[in-house]
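Working notes for the structure below.
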C-alpha cells in the first residue's frame, strides 16, 4: 500500500467513504457535528431570482435561513416538491430551478418563516 504526501490512507474498502478532514469513516466522522455552524441571519428569509452564469435559465434562491445542513436539505425538498421542480441546497442557500418566487414565499410563510422577496 502506498501513502500520500500527507501520510494518510489512500484507498480502503474496509470502512467505505472516508471523511477528508478527520480521516475516519463517514459514519464515525468527528468533524461533521460541530464544524458546520448555520449562518446567523437577521431572521428574515430572502427569496430572489437569478439567471447569472446559468445559460439564461432562471433559478429561485432562498437565503438567510438559520438552519443546520440537514434541516436545510429537508426544507429544500419540501420547497422543490411544492414547486414541482428540481434544485439543491448547498452553502446555506436553497436553489430551485425556475421562477417560483411567489410560491416559495407562500410555502415558507406556511412553515413559520418570515420570508420576503428580494431583488426585481
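Would you point out which residue out of 81, 107, 88 is loosely packed, with under 13 Cβ neighbours inside 10 Å and either farther than 13 Å from residue 45 by Cα or touching a residue at least 24 places away in the same chain (Cβ under 8 Å) (or both)?
The match here is 81.
How many of the residues making up region 32-59 are surrounded by 10 or more Cβ atoms within 10 Å (Cβ to Cβ) and either touching a helix residue (DSSP H, G or I) at 6+ places or on another chain (Cβ under 9 Å) or at pLDDT 75 or above (or both)?
15
In the same structural domain as residue 97 (by TED's automatic domain parsing), surrounded by 13 or more Cβ atoms within 10 Å (Cβ to Cβ) and modelled with pLDDT of 75 or more, is that true of residue 64?
Spelling it out, residue 64 is indeed in the same structural domain as residue 97 (by TED's automatic domain parsing), surrounded by 13 or more Cβ atoms within 10 Å (Cβ to Cβ) and modelled with pLDDT of 75 or more.
The values are calculated or read from the model by the stated rules, or taken from the named source; none is laboratory data. Source: prediction; values computed, not measured. Reconstructed Cβ throughout: ideal geometry from the backbone, glycine too, with neighbour counts over all protein chains shown.
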